[in-house]
Amino acid sequence: MNHYTEQFERQSDVSLARALHDCYETLSIGAGVHGNAYVAKLWTQIDAIYDVQMRRRENLAKRSKIVS
């Protein structure tokens, strides 16, 4: 978990998908243009998005087991 995780936890699933797409798009377009610090920031954001998405999936799986 990193400091972006709290920020992304407040966003909807659609917003997370868009943010993830934007991060990858920025990496593919300008990885050579941006400095290493910016690229590291993007990867940190990507990790945070995946952490939030995984936690949501796990919580959903737990809730569906309780209901069934």
Taking the 0 to 90 degree range and rounding to the nearest ten, how far is the long axis of helix 36-67 tilted relative to the main principal axis of the chain, both from C-alpha atoms?
10 degrees
Where labels lie 7 Å past Cα in the beta-carbon direction, separation of Ser28 and Ser12 in nm:
2.4 nm
Under the Karplus relation 6.51 cos²θ - 1.76 cosθ + 1.60, θ = phi - 60°, what is the ordered set of whole-Hz ³J(HN,Hα) values for segment 6-11, x standing for Gly and Pro?
4, 4, 6, 5, 7, 9
Shape call for segment 1-43 from the C-alpha gyration tensor, a ≥ b ≥ c root eigenvalues: rounded (a/c under 1.5), prolate (a/b greater than b/c) or oblate?
oblate
Restricting to DSSP H runs of at least four residues, report the calculated mean residue ellipticity at 222 nm for the chain, -39500 (n - 2.57) per run over all residues, nearest 500 deg cm²/dmol.
-27500 deg cm²/dmol
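Taken together, the values in this text are just the output of simple stated rules run on the coordinates, not laboratory data. Since the model is a prediction, treat every value here as computed from it, not as a measurement. Methodologically, a virtual Cβ is constructed for each residue, glycine included, from the backbone with ideal geometry; neighbour enumeration extends over all protein chains shown.
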